[in-house]
Amino acid sequence: MRDDMQTHFVKMLIRYGSIFLLAFFVVQPCIGEILKDDPLYQVNTFANLEKGAYNRVITVDEMADKGDFGVGGFEHMDGELLQMNGTIYQITSDGVVHTPRGDTGIAFMNTVRFNPVWSIPISGPANLSRLEETLKKTFPSDNQIYALRVDGIFSEMKIRSLPVQDEPYPVLSTVVANQSIFNLTNTTGTITGFWFPA
């Protein structure tokens with residue numbers, strides 16, 4: 001992958017859970033309701049991840065056929081995991097996007113076959129609060145899981161990636177305290193993620 005392509009992909013591959021500040025000019029959220037015909041596959045739990053469970057649970061090849069849209073983390077917390085259009089990407093703490101080998105270990109992941117049910121245009125300046133309010137009004141139930149894809153032009157965004165960890169693993173809050181943060185301005189991108197009931 002060329003260096004200029006790596007920079008382009010860093011701007012395009014943005015994990016929903018990693019966003020601190022958003023300002024949208026044009027946003028087009030697509031929402032896929034998780035139904036029994038398109039089950040959500042989850043590897044590990046976030047509660048385990050918070051306690052430092054960063055060992056391999058499954059490989060990229062084993063997880064790739066479970067869905068085409070997902071987020072997660074790699075073994076040893078070696079960067080962020082993003083799956084778009086069936087391809088799994090690894091965004092390491094230096095901000096470089098890789099396509100990992102099939103035998104690369106995954107510590108945590110959610111994936112689903114993304115079949116959008118709704119598409120909601122949001123015009124004019126907005127922020128994360130406005131996006132959340134709009135999504136909550138659109139969801140038919142507060143007790144469902146939703147897959148979210150948001151395409152937009154972002155005036156300001158902070159994204160992050162976690163550095164690789166060695167055993168004995170620290171808890172997630174310690175890892176996050178040493179994360180790499182990247183500030184993006186005036187960028188076109190896609191946010192992917194899941195909305196879970198509280």
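The values are calculated or read from the model by the stated rules, or taken from the named source; none is laboratory data. Small disclaimer: the values here were computed from a predicted structure and weren't measured. We place every Cβ from the backbone using ideal geometry, glycine too, and count neighbours over all the protein chains shown.
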Every listed condition ((1) among the polar types (S, T, N, Q); (2) at pLDDT 85 or above; (3) more than 22 Å from Gln42 (Cα to Cα)) holds for Asn127 save (2)
Across (1) within 22 Å of Tyr169 (Cβ to Cβ); (2) modelled with pLDDT of 50 or more, Gly70 clears everything bar (1)
All-but-one check, Lys51 against (1) over 14 Å from the mean Cα position of the chain (by Cα); (2) surrounded by 18 or more Cβ atoms within 10 Å (Cβ to Cβ); (3) at pLDDT 95 or above; (4) not hydrophobic (A, V, I, L, M, F, W, C), failing number (2)
Filter the range 178-198 for residues that are more than 16 Å from Leu82 (Cα to Cα) and of a type in the set (A, V, I, L, M); the one that is modelled with the highest pLDDT is Ile181
Of the candidates Asp103, Asp94, Asp151, Asp142, the one satisfying the condition of being closer than 24 Å to Asn178 by Cβ, acidic (Asp, Glu) and touching a residue at least 40 places away in the same chain (Cβ under 8 Å) is Asp94
